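The values are calculated or read from the model by the stated rules, or taken from the named source; none is laboratory data. What you see is a predicted model, and the numbers here were worked out from it, not measured in a lab. For neighbour counting, all protein chains shown are included, and Cβ atoms are generated from backbone atoms with ideal geometry for every residue, glycine included.
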Amino acid sequence: MSQQFSLEMVNVKTILLLMLMVLTQSVSGQGSDNRSKQERIKPTTMDTTIYSFTVQDGKGMPMSLQRYEGKVILVVNTASRCGFTPQYDELESLYKEFHKQGFEILDFPCNQFGNQAPESSEEYTAFCQLNYKTEFPQMRKIDVNGANESRLYTWLKAQRGFAGFNPEHKLTPLLERMFDKSDPEWRNKSDIKWNFTKFLIDRAGRVVERFEPTSGAEEMRPLILKTLSNK
């Protein structure tokens with residue numbers, strides 16, 4: 001059963017306090033092993049493409065990413081109760097604008113950051129469709145950091161590490177201070193920092209760019225267009 005949330009009324013200080021409380025758990029990557037057998041045995045070398053991986057779809061069935069061969073893909077870890085959740089509007093807008101040109105979005109719910117995606121897979125999909133009218137698919141919930149992280153994300157992070165938050169975003173100074181207090185070396189680590197980190201994949205299955213949660217559709221659109229034009 002889905003529940004509609006008034007995300008625009010969330011106080012920034014409340015969001016950041018919650019983020020700080022769960023940061024230690026998030027960095028350590030605690031969580032259940034939701035990976036399929038295929039995910040656990042796949043290699044993650046630098047020569048691998050995204051087509052080498054098998055994930056679980058929203059119903060828990062194995063799905064080879066080879067089905068997206070030749071497409072431009074945006075891979076994003078999401079949550080339903082996060083301050084960045086309204087980015088679903090932007091993602092759906094990008095999907096509608098570019099889907100016919102071969103653009104796909106792979107949405108991986110993740111409950112590692114503040115327990116902000118507590119729903120079952122069915123409830124999560126219903127939430128997205130009800131509140132944001134999403135047409136792109138939601139995958140099975142995964143871990144993106146830690147011992148039980150999806151092999152897909154091990155590979156993604158190896159291709160593009162963290163390069164900094166958008167300096168113009170209003171939350172960037174607060175995020176940086178929070179992470180500085182928790183881990184002085186956080187800038188040098190490739191782990192996923194929070195919900196709505198995005199990876200852009202080209203038509204050959206290789207990572208083009210990584211966008212942090214502080215980067216929205218307007219920052220991504222030019223590179224998506226450029227990547228789509230390279231056939």
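Quick notes
- Qualifying residue in the stretch 77-93 (condition: at pLDDT below 95 and surrounded by fewer than 18 Cβ atoms within 10 Å (Cβ to Cβ)): no
- Flag: ASP47 matches the condition of being among the acidic types (Asp, Glu), assigned to a loop (DSSP other than H, G, I, E, B) and modelled with pLDDT of 50 or more.
- Within the stretch 150-178, being in a loop (DSSP other than H, G, I, E, B) and farther than 22 Å from GLU209 by Cβ holds for one residue alone: LYS170.
- Selected residue [within 18 Å of GLU97 (Cβ to Cβ) and among the hydroxyl-bearing types (Ser, Thr, Tyr)] from THR214, THR154, THR134: THR134
- Verdict on ALA147 being surrounded by fewer than 16 Cβ atoms within 10 Å (Cβ to Cβ) and either within 15 Å of the chain's Cα centre (by Cα) or in a loop (DSSP other than H, G, I, E, B) (or both): yes
- ILE15 vs. criteria surrounded by 16 or more Cβ atoms within 10 Å (Cβ to Cβ), at pLDDT below 85 and β-branched (Val, Ile, Thr): yes
- Candidates are the residues of the stretch 102-141 that are closer than 25 Å to LEU225 by Cβ and acidic (Asp, Glu); the one that is surrounded by the fewest Cβ atoms within 10 Å (Cβ to Cβ) is GLU135.
- Within the option set LEU200, LEU175, LEU228, being surrounded by 14 or more Cβ atoms within 10 Å (Cβ to Cβ), in contact with a helix residue (DSSP H, G or I) (Cβ under 9 Å, 6 or more places away or on another chain) and at pLDDT below 95 holds for one residue only, LEU175.
- Sub-8 Å Cβ pairs linking a first residue in the stretch 181-202 that is farther than 15 Å from GLY164 by Cβ and touching a residue at least 24 places away in the same chain (Cβ under 8 Å) to a second residue that is of a type in the set (S, T, N, Q) and surrounded by fewer than 17 Cβ atoms within 10 Å (Cβ to Cβ), at least 6 apart or interchain, are SER182/THR24; ASP202/ASN230, ordered by first then second residue.
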